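Below is one structure, written out as structure tokens; comments come after it.
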Amino acid sequence: MTENSPGGFSKFVYEIMFPGTPLSQEAREQIGVLFSGVQYGRKMDSDFYRSIFDILIKDQVRQGLRVHKGYPLYYIAESIGSSDRAAALEAMLGAFVEDVLTFGHGALSYYAASSLSEDFGLSSETLVKLEEVVVETAKKTFYPSLLVNDFMKQHAGDMAARVLFHGVSEASRLDATVAQVRLKIENELRPIITTSVENEAQIQAFVFSLLRQIDPLTEREKTLGKFAGRESKIDFAMIKNQVGIEVKVIREKSQYGGIVDQVNADLAVYPQSLARVIFVVYDACGAISDTSKFCAELKGGRTNVEVLAVKH
């Protein structure tokens, strides 16, 4: 299977799974063959992801450049789950090291960091310590396990996964997705809007382009089902329709109260069908005086809801 063949990976999907140094054509084809076997019954287990990891190691030796290996390491940890807590922890730490080497400080909002915190019970302080070690001593590395092992020896007391560890959870992955959406929207939405805002669809188009950089399978206008006899839809759904994003635009100050009412009405519906809900409120007219207070009041005590306000 090649990246251009039917069912093959697009260049965009490859960049999501393997960011950083582009893989060679040979490595892409080898990975494509592995994934093509899935439709004939091959299991995507730890051996499957170790095969991908081996392909990446050979490819970086071939190219003489480090390639990102966080993808297979993350799923090795997930596959091992609670059957081998120590090995799962080491693999997930390796995925985090790869994220740090590729994304720098942004790694703390990615999937490995979220799982290490939520599933394994490591503190944020411990993750920051490891991040500092990686940034300080390893601009390039072929085997993140070498760094992980050295760090674990120095900080053995910080490295024990929680006793009730049950494996890598879907919740940690969803929380990481929400964190990435927050970073994307807060840092990149306003700079790409160079003209006056005409309507909500205009902002939706920009948000869609940002969401697809996180999940290329993001869907638009996702139907959630009927509530109180009415069909309910949300603007975007991502991560297998578990995370929903709704966009609101305040074009005139007189619309402020109406938008708040709309969000509150949606809050009575969306969380029933979605694991996480994110509201993006674009303030095109300066109607929101305190964005932090605005978001906090709408969010309330809901842990599965995020409200983001972006001022024009």
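Write down the percent of antiparallel bridges among all DSSP beta bridges whose residues are both part of the chain, to the nearest 5.
Of the beta bridges lying entirely in the chain, close to 40 percent run antiparallel.
To the nearest 20 debye, what is the magnitude of the charge dipole of the range 166-221 about its Cα centre, counting +1 on the Cβ of each Lys and Arg and -1 on the Cβ of each Asp and Glu? Write out the running numbers ahead of the final one.
Details: 6 positive and 9 negative charges, 36 e Å.
Charge dipole of the range 166-221: 180 debye, to the nearest 20.
Taking all protein chains as present, what is the carbon and sulfur share of the accessible area of the chain, in % to the nearest whole number, probe 1.4 Å? Don't skip to the end; give the middle numbers.
Details: 7600 of 14930 Å².
Carbon-and-sulfur percentage of accessible area, whole number: 51.
Taking the Cα atoms of the chain, what is the range of coordinates along each of the three principal axes, in descending order and whole Å?
The principal-axis extents, from largest down, are 60, 49, 40 Å.
Excluding same-chain residues fewer than 8 positions from residue 184, which aspartates and glutamates have a Cα within less than 18 Å of its Cα?
Here the aspartates and glutamates satisfying the reach criterion relative to residue 184 are 15, 99, 175, 215, 219, 235, 246, 283, 306.
Once you list every other residue whose beta carbon is under 12 Å from the beta carbon of residue 126, what net charge do they have if Lys and Arg are +1 and Asp and Glu are -1? Could the numbers behind the result be given before it?
On the way: positive: 129; negative: 125, 131, 132, 158.
My count for the surroundings of residue 126 gives -3.
Take the Cα gyration tensor of the range 174-312, multiply each eigenvalue by 5, square-root it, and list the three semi-axes largest first, rounded to whole angstrom. Walk me through the numbers on the way to the answer.
Numbers: eigenvalues 89, 65, 43 Å².
Here the semi-axes work out to 21, 18, 15 Å.
Going by alpha carbons, how many degrees (0 to 90, nearest 10) lie between the helix axis of 170-184 and the longest principal axis of the chain?
Between the helix axis and the principal axis of the chain, the angle is about 60 degrees.
Find me the longest stretch of the chain that has none of the exposed GluC sites (Glu not before Pro), where exposed means in a DSSP loop (not H, G, I, E or B) with at most 12 other Cβ atoms within 10 Å. Display every interim value, and only then the final one.
On the way: sites that count: 198, 252.
Of all site-free stretches, the longest is 1-197.
Let me have the 222 nm mean residue ellipticity of the chain computed from DSSP H runs of 4+ only, each contributing -39500 (n - 2.57), with the sum over all residues rounded to the nearest 500. Mind showing how you got there, number by number?
Working: 12 runs with 148 residues, N = 312.
Value at 222 nm, helices only, nearest 500: -15000 deg cm²/dmol.
Angle, helix 46-63 long axis vs. longest principal axis of the chain, Cα atoms, 0 to 90°, nearest 10?
80
To test your reading of the geometry: what angle, between 0 and 90 degrees and rounded to tens, separates the Cα axis of helix 25-36 from the longest principal axis of the chain?
Here the helix axis deviates by roughly 80 degrees.
In the P(r) worked out for the range 1-114, what percent of Cα pairs fall beyond 26 Å? Show your work: numbers first, answer last.
Values: 1134 of 6441 pairs.
For the range 1-114, the share of Cα pairs beyond 26 Å comes to 18 percent.
Accessible area per residue, 1.4 Å probe, Å², for the chain: what's the number? Could the numbers behind the result be given before it?
Details: 14930 Å² over 312 residues.
About 48 Å² of surface per residue is accessible.
To the nearest 20 debye, what charge dipole does the range 154-312 have about its Cα centre, counting +1 at the Cβ of each Lys and Arg and -1 at the Cβ of each Asp and Glu?
Numbers: 20 positive and 20 negative charges, 40 e Å.
Computed charge dipole of the range 154-312: roughly 200 debye.
Nothing charged except the Cβ atoms of Lys and Arg (+1) and of Asp and Glu (-1): what's the magnitude of the dipole of the chain about its Cα centre? Round to the nearest 20 debye. Don't skip to the end; give the middle numbers.
On the way: 34 positive and 40 negative charges, 58 e Å.
In debye, rounded to 20, the chain gives about 280.
Taking the Cβ of residue 19 as the center, what net charge do the other residues with Cβ under 10 Å away carry, scoring Lys and Arg +1 and Asp and Glu -1? Write out the running numbers ahead of the final one.
On the way: positive: none; negative: 15, 98, 99.
For residues surrounding residue 19, the net value is -3.
The values are calculated or read from the model by the stated rules, or taken from the named source; none is laboratory data. Computed from a predicted model, the values in this text were never measured in an experiment. Methodologically, a virtual Cβ is constructed for each residue, glycine included, from the backbone with ideal geometry; neighbour enumeration extends over all protein chains shown. The protein model used for the area step is the full one, side chains on, heavy atoms only, and it has no ligands, DNA or RNA in it. Shrake-Rupley method; radii C 1.70, N 1.55, O 1.52, S 1.80 Å.
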